[in-house]
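**Q** Sharing a structure here in structure tokens format.
The values are calculated or read from the model by the stated rules, or taken from the named source; none is laboratory data. Quick caveat, the model's predicted, so the values are computed rather than measured. Please note: Cβ atoms are built from the backbone with ideal geometry, for glycine as well, and neighbour counts cover all protein chains shown. Areas reflect the complete protein model, heavy atoms only, side chains present, ligands, DNA and RNA absent. Shrake-Rupley method; radii C 1.70, N 1.55, O 1.52, S 1.80 Å.
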Amino acid sequence: MISIIAAIGKNNELGKNNKLIWHIKEDMKYFREKTLGHKVIMGSRTWDSLPEKLPQRENIVVTTREFEGPDLIAHGVDEIIEKYTDSDEEVFIIGGGTLYMQFLPYAKNLYLTEVDATDKKATTYFPEFDKSKYNREVLKKGSENGLDYAFVKYTKK
Ligand SMILES: NC(=O)c1ccc[n+]([C@@H]2O[C@H](COP(=O)([O-])OP(=O)(O)OC[C@H]3O[C@@H](n4cnc5c(N)ncnc54)[C@H](OP(=O)(O)O)[C@@H]3O)[C@@H](O)[C@H]2O)c1
């Protein structure tokens, strides 16, 4: 099973200049809890934005290049889609925009932290998707440093 996890702004903002836009401690904690022990799959730019390999998770990086660091390099997404779309194992697509775009049609769950803010200078966005095709469940709402957010789970109908 493929799950997507992302924090997005009101206009689907994801990132700015290869960095995150908002830093919400509770969201970092939530991300860690959800993904711990699972395979995490990311694009090379997201990998480059991390301070280090995400511990206690198999780090899979999609890239056309070869480099050291990740547990596994994948040179495309087709094999991952084929292997995990109908598997019992839950794997997480953790970004960025190019990976969300390619995996969205195959993802059963979207764990979206919906941040009640905008950033006109964002450089990466989460793809538009048809919300009528998903059940929407608000798991938790919170506020940190004046920033309201909600942990929302979309499950494909
Ligand atoms: N808000 C959030 O939850 C969240 C989560 C993650 C990331 N982000 C943000 O998103 C931004 C990065 O996203 P991005 O869209 O710019 O980049 P990205 O998706 O992280 O990485 C793009 C790179 O992935 C590789 N790639 C993608 N599809 C491929 C394919 N089919 N075959 C081979 N390689 C492929 C290419 O790497 P090569 O060029 O190496 O070939 C491509 O340049 C950053 O600002 C980051 O902070 C936000």
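**Q** Sorted by accessible area (1.4 Å probe), largest first, how do Ser132, Ser3 line up?
**A** Highest to lowest solvent-accessible surface, that is Ser132, Ser3.
**Q** Compute for region 2-156: radius of gyration divided by Kirkwood radius, i.e. Rg/Rh, restricted to C-alpha atoms, rounded to two decimals.
**A** That ratio equals 0.94.
**Q** So, one more: Take the alpha-carbon centre of region 50-129, take the same for region 131-157, and report the distance between them in whole Å.
**A** Value for the Cα centre distance between the two parts: 19 Å.
**Q** Once the dipole of the chain is set up with Lys and Arg at +1 and Asp and Glu at -1 on Cβ about the Cα centre, which of Tyr149, Ile4, Gly96 lies farthest towards its positive end?
**A** Tyr149
**Q** Keeping all protein chains in position, work out how much accessible area Phe126 exposes to a 1.4 Å probe, and write it in Å² to the nearest 10.
**A** Using a 1.4 Å probe on the heavy atoms, I get roughly 10 Å².
**Q** Within the chain, which is the longest segment containing none of the GluC sites (Glu not before Pro) that sit in a DSSP loop and have at most 13 other Cβ atoms within 10 Å?
**A** Answer - 1-51.
**Q** Oh, and also: Mind ranking Asp27, Asp88, Asp130 by accessible surface for me, highest first, 1.4 Å probe?
**A** Details: Asp27 20, Asp88 150, Asp130 75 Å².
From most exposed to least exposed: Asp88, Asp130, Asp27.
**Q** If you roll a 1.4 angstrom probe over the protein chains with everything in place, what fraction of the accessible area of region 1-107 belongs to carbon and sulfur, to the nearest %?
**A** About 49 percent, which is the carbon plus sulfur part of the accessible surface.
**Q** For Val152, which sequence-distant residues (separation of 5 or more, or a different chain) have an amide H within less than 5 Å of its own amide H, given hydrogens modelled in the peptide plane?
**A** Placed amide hydrogens put Leu112, Thr113, Glu114, Leu139 under 5 Å from Val152.
**Q** So, for the chain, what is the accessible surface per residue at a probe of 1.4 Å, expressed in square angstrom?
**A** I get 57 Å² per residue for the chain.
**Q** Taking 7 Å along the Cα-to-C-beta vector as the label spot, tell me the Lys25-Glu144 distance in nanometres, rounded to one decimal.
**A** Result: 0.8 nm between the two label points.
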